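Down below is the structure, laid out as structure tokens.
The values are calculated or read from the model by the stated rules, or taken from the named source; none is laboratory data. The shown structure was predicted, so the numbers you read here are calculated from the model rather than taken from an experiment. As a convention, Cβ positions derive from the backbone with ideal geometry for all residues, glycine included, and neighbour counts pool all protein chains shown. Surface accessibility is based on the protein's heavy atoms, side chains included, excluding ligands, DNA and RNA. Shrake-Rupley method; radii C 1.70, N 1.55, O 1.52, S 1.80 Å.
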Amino acid sequence: MKAATASLTGVERHFDKDEVIVSKTNAKGILTYANRAFLRVSGFTEAEVIGKPHNILRHPAMPRSIFKLMWETIQAGREIFAYVINRSSNGDHYWVFAHVTPSFDAERRIVGFHSNRRVPERAVLDAQIIPLYAELVGLERRAADPRSGLESASQHLQDMLRTKGLGYDQFIFSL
């Protein structure tokens, strides 16, 4: 996998505000579909991503605590909106504003997930998201072990939301 071995370049990739990056996974997060925008921006070919875990795109600056929240939300059958930094195949990165929804079968069982990603507002990234994510990643990394780091960062996020008197969705849409 290119992303696993590619060093980070520090170069940010961009995509057009009218483009939508789309992917679909099965219930275990294995990619089953990626549109042309996904492939172009990520730098992967279709053959390199289909059948692979969606986390092939995981960037180390993306807090695990946000992914935990996202995973818990969609596995509970609810949609979620989140800012995400992804790593492309060559080590570049790109930011997205993601809308992830579960896909259901006729009996309302989750059979997969569908994600649409749009260009995020740069001012929101710079003023709110990048500092928050750096704080969360710092908590995750400073902990004695990965599990306690995840718990610490998740608790910090919940405490921040409680202090603001907002749920996660309210917070995201208040930015």
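Volume per residue of the convex hull around the Cα atoms, evaluated for the chain, comes out as 127 Å³. On a per residue basis, the chain carries 53 Å² of accessible surface, using protein heavy atoms and a 1.4 Å probe.
Highest mean first, the peptides 43-54, 94-105 sorted by other C-beta atoms within 10 Å per residue fall in the order 94-105, 43-54. Each helix, a run of at least 4 DSSP H residues, gives -39500 (n - 2.57); summed and divided by the residues of the chain, these come to -11000 deg cm²/dmol at 222 nm. With each label modelled as a point 7 angstrom along the Cα→C-beta vector, the Leu175-Lys28 pair spans 3.2 nm. Placing a pseudo-label 7 Å from each Cα along the Cα-to-Cβ vector at Leu166 and Arg118 gives an inter-label distance of 1.7 nm. Here region 14-36 is scanned for amide nitrogen atoms under 19 Å from the site 7 Å beyond the Cα of Glu46 along Cα-to-Cβ, giving 20-26, 30-36.
When you count the other C-beta atoms within 10 angstrom of each residue and take the mean per peptide, 18-27, 111-120 line up highest first as 111-120, 18-27. Of the accessible area of the chain, with the probe set at 1.4 angstrom, what percent is carbon plus sulfur? Ligands and nucleic acids excluded, carbon and sulfur reach 53 percent.
In order along region 144-150, phi translates into HN-Hα couplings of 5, 8, x, 5, 5, x, 5 Hz, rounded to whole numbers, per the Karplus curve 6.51 cos²θ - 1.76 cosθ + 1.60 with θ = phi - 60° and x for Gly and Pro. Highest-first packing order for the peptide set 137-146, 32-41 is 32-41, 137-146, based on the mean count of other beta carbon atoms within 10 Å.
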